[in-house]
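The values are calculated or read from the model by the stated rules, or taken from the named source; none is laboratory data. Source: prediction; values computed, not measured. Positions of Cβ are backbone-derived with ideal geometry, glycine not excepted, and every protein chain shown enters the neighbour counts. Surface areas here come from the heavy atoms of the whole protein model, side chains and all, with no ligands, DNA or RNA. Shrake-Rupley method; radii C 1.70, N 1.55, O 1.52, S 1.80 Å.
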Amino acid sequence: MAGSISNWDRLFQQAFHHMRPGGYIEMQEFRVWFYSQEGELSDESYVRQWNCHLVDGMNIFGKSINVVEELVEKLKAAGFVGVREDVLKVPVGPWPKDPRLKELGRWMQIQTMDAIEPLPLALFPRVLGWSEQESRMLFSKARQEFKEMKRQLYVYTHFIYGRKPEA
């Protein structure tokens, strides 16, 4: 939902209002920022460049894409209780040795590669003033970097839930 909601406080207030007492709300969001097992991605990294421009463009557009770290407090402010957050490190690519994580990484790599272009192709030219050619060139280079396994990229996925108190 990140990047599609402009007012999370209002969304959670509406959810709280329409839920039965004792009902649960649950969401899964990932922090839209990529990390490497080697450490921080350098400014020369095409993944980092793509990521920075995506985050900046969405902020200018008015729908922040990196809100996951605010959601626990927003749920509590809306009145939910027992709010819990579990954060998992999810590989991007089949680089882990663990077979389960290797499979998860394959799927996350596919999802990430599919997500490189659709939203930014409208955002970069319309909001950031890039040409379509400049945009597609960065997407292509970022896609190549996502395919490489030497950096061992990963993201953090947050599982957040809370309950509406009993009446």
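Of all residues in region 1-30, those being more than 30 Å from LYS89 (Cβ to Cβ) and either at pLDDT below 90 or assigned to a strand (DSSP E or B) (or both) number 0. Residues considered: ARG100, ARG126, ARG136, ARG106. Of these, the only one that is touching an Asp or Glu at 6+ places or on another chain (Cβ under 8 Å) and free of Cβ contacts under 8 Å to residues at least 24 places away in the same chain is ARG136. Just one of the listed residues (ASN66, ASN51, ASN59) is among the polar types (S, T, N, Q) and farther than 24 Å from GLY105 by Cα, and it is ASN59.
Report yes if some residue within region 3-23 is touching a Ser or Thr at 6+ places or on another chain (Cβ under 6 Å) and not acidic (Asp, Glu); otherwise report no. No: region 3-23 contains no residue that is touching a Ser or Thr at 6+ places or on another chain (Cβ under 6 Å) and not acidic (Asp, Glu).
Of all the residues that make up region 34-50, how many are within 13 Å of TYR154 (Cβ to Cβ) and among the polar types (S, T, N, Q)? Here the count works out to 2. The requirement of being under 18 Å from TYR161 (Cβ atoms) and under 17 Å from the mean Cα position of the chain (by Cα) is fulfilled nowhere in region 33-48; no residue meets it. TRP33 is checked against (1) open to solvent by less than 40 Å² (accessible area, probe 1.4 Å); (2) assigned to a loop (DSSP other than H, G, I, E, B) and fails just one. What number does that condition carry? Only one criterion in (1) open to solvent by less than 40 Å² (accessible area, probe 1.4 Å); (2) assigned to a loop (DSSP other than H, G, I, E, B) is unmet by TRP33, namely (1).
Checking each residue of region 67-80 against the condition of being modelled with pLDDT of 95 or more, farther than 30 Å from ALA167 by Cβ and among the aromatic types (Phe, Trp, Tyr) gives no match. Residue count for region 4-30, restricted to those that are exposed (fewer than 11 other Cβ atoms within 10 Å of the Cβ) and in contact (Cβ under 8 Å) with a residue 12 or more places away in the chain: 5.
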